[in-house]
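Trainee: Before anything else, here's the structure in question.
Values in this text are rule-based calculations from the coordinates and carry no lab data. Predicted model only: the values in this text are computed from it and were never measured. Neighbour counts are summed over all protein chains in view; Cβ atoms, including those assigned to glycine, are modelled from backbone coordinates with ideal geometry.
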Amino acid sequence: MPRKAFLLLPATALALSACGQQKLALAQDPIERAATCGVVAAAQARSATTNIRAPLSLDAQGQIMHPALVTAVEGDRFSVTRAAEVINKMPEVEGKVTSGKFETLAAPCDQAFPEPSGAGPVALPDDAFTARVGCYELGGFMNRALLESGDAYAAKLTDYGAIRRELDPKIGAALSQRGVSSRGDQAKALREEAMATMVKLGSPTKVLDACLDRFGPDRTT
């Protein structure tokens, strides 16, 4: 994914219109629809804060990224390019969304990009290989996405880095047992399939919390 794509989300400090009256609707185009719902999530989070300059919570960032991640699933594989298309589209729709009644899009966005686990914890796949690879890939995505956010999410990003270091040798060993080169097309396909499985589970921050619970450095799974 182009580096610039990752700079948009953590920098989204939306200036909300106090008198927007434009009627809004979700677009049929999947890229624009996902971008719109990402902006709606950001606008909702920003409107709930008392300090417009304060960083949004990590959970809010996860809600913002969720539509892009879900839309990036094509068939049974995750497309980084498609995720970038959504993220790059967000600044284009931001003005229209935040100058209108963005609140009216909250329910349609929830329907378009539901949280399968609701308010409860995420259940990772039973298959250890899929869960490990998915956690590794999703942790890397979040680290790159929030890399330029300064210290706002440093502690949690450190946790994501730790879990990736913990999982890396186990994933490498599992690939070797399958006779798969870690740098080959087959490994790439397995990573994309695992990532697709993970992003369907819900907000990436909630999924990664489940990853930390199951595969964190102090775990033995």
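Trainee: List every residue whose amide H lies under 5 Å from the amide H of Ala27, counting only residues 5 or more places away in sequence or on a different chain, with H placed 1.01 Å from N in the peptide plane.
Mentor: Arg33
Trainee: Ranked highest first by the average count of other Cβ atoms within 10 Å around their residues, in what order do 78-85, 39-46 fall?
Mentor: On the way: 78-85: 19.1, 39-46: 23.1.
Ranked from most to least packed, the peptides come out as 39-46, 78-85.
Trainee: Listed highest first by mean packing, meaning other Cβ atoms within 10 Å per residue, what order do 61-70, 202-211 come in?
Mentor: On the way: 61-70: 25.7, 202-211: 23.2.
Ranked from most to least packed, the peptides come out as 61-70, 202-211.
Trainee: Under a Cβ-only charge scheme (Lys and Arg +1, Asp and Glu -1), can you give me the dipole magnitude of segment 151-221 about the Cα centre, in debye to the nearest 20?
Mentor: Working: 12 positive and 10 negative charges, 42 e Å.
That gives a dipole near 200 debye.
Trainee: Which value in nm describes the separation of the simple spin-label points at Arg183 and Ala128, placed 7 Å from the Cα toward the beta carbon?
Mentor: With each label placed 7 Å out from Cα toward Cβ, I get 2.8 nm.
Trainee: Please report, in debye to the nearest 20, how large the charge dipole of segment 16-116 is about its Cα centre when each Lys and Arg carries +1 at its beta carbon and each Asp and Glu carries -1 there. Kindly include the intermediate steps, with their values, before the conclusion.
Mentor: Numbers: 9 positive and 11 negative charges, 65 e Å.
About 320 debye.
Trainee: For Ala174 and Ala162, calculate 0.36 nm times their separation in residues minus their Cα-Cα distance, and state this gained length in nm to one decimal.
Mentor: Values: separation 12, 0.36 × 12 = 4.32 nm, distance 1.92 nm.
Length gained between Ala174 and Ala162: 2.4 nm.
Trainee: Quick one: 3J(HN,Hα) in Hz for segment 50-60, Karplus 6.51/-1.76/1.60 with θ = phi - 60°, rounded, Gly and Pro as x.
Mentor: 9, 10, 5, 8, 6, x, 5, 5, 5, 4, 5
Trainee: Where does segment 37-87 land on the Kirkwood hydrodynamic radius, alpha-carbon pairs, in angstrom?
Mentor: 11.7
Trainee: Report the label-to-label distance for Thr104 and Ala25 in nanometres (one decimal), using points 7 Å from each Cα along the Cα→Cβ vector.
Mentor: 1.0
Trainee: While we're looking at this one, here's another question. Return the label of the correct value of semi-axes √(5λ) of the Cα gyration tensor in Å, as calculated from the structure shown, out of [x] 35, 24, 14; [y] 32, 18, 15; [z] 27, 26, 17.
Mentor: Answer by label: [y].
Trainee: If the reach is capped at under 23 angstrom between alpha carbons, list the lysines near Lys101, excluding any in the same chain fewer than eight residues apart.
Mentor: Lys23, Lys89
Trainee: If you build a Gaussian network model of the chain, linking Cα atoms that sit under 10 Å apart, which residue out of Asp59, Asp168, Asp127 swings the most?
Mentor: Maximum among the listed residues: Asp127.
Trainee: Additional query: In deg cm²/dmol, rounded to 500, what helix-only [θ] at 222 nm does the chain give when every DSSP H run of at least 4 residues adds -39500 (n - 2.57) and the total is split over its residues? Numbers along the way, then the final one.
Mentor: Values: 9 runs with 132 residues, N = 221.
Taking each H run of at least 4 residues, the total per residue is -19500 deg cm²/dmol.
Trainee: Rounding to the nearest 20 debye, state how big the charge dipole of the chain is about its Cα centre with +1 on each Lys and Arg Cβ and -1 on each Asp and Glu Cβ. Working shown, then result.
Mentor: Working: 25 positive and 25 negative charges, 72 e Å.
Once rounded to the nearest 20, the dipole reads 340 debye.
Trainee: Sticking with this structure for a sec: Spelling out what I want: for every residue of segment 100-115, take phi, set θ = phi - 60°, compute 6.51 cos²θ - 1.76 cosθ + 1.60 (Karplus), and round to whole Hz; glycine and proline get x.
Mentor: Whole-Hz 3J(HN,Hα) from phi for segment 100-115: x, 8, 5, 4, 5, 8, 4, 5, x, 5, 4, 6, 6, 10, x, 9.
Trainee: Tilt of helix 185-199 relative to the longest C-alpha principal axis of the chain, in degrees (0 to 90, nearest 10)?
Mentor: Value to nearest ten degrees: 50.
Trainee: On C-alpha positions alone, give me the angle between the axis of helix 154-177 and the longest principal axis of the chain, in degrees, nearest 10.
Mentor: 40
Trainee: Apply the Karplus curve 6.51 cos²θ - 1.76 cosθ + 1.60, θ = phi - 60°, to the phi angles in segment 36-48 and return the couplings in whole Hz, x for Gly and Pro.
Mentor: Each residue's phi maps through the Karplus curve to give 4, 5, x, 5, 4, 4, 5, 5, 5, 5, 5, 5, 8 Hz.
Trainee: Could you tell me how many degrees, from 0 to 90 and to the nearest 10, lie between the Cα long axis of helix 80-98 and the main elongation axis, the longest principal axis, of the Cα atoms of the chain?
Mentor: The answer is roughly 20 degrees.
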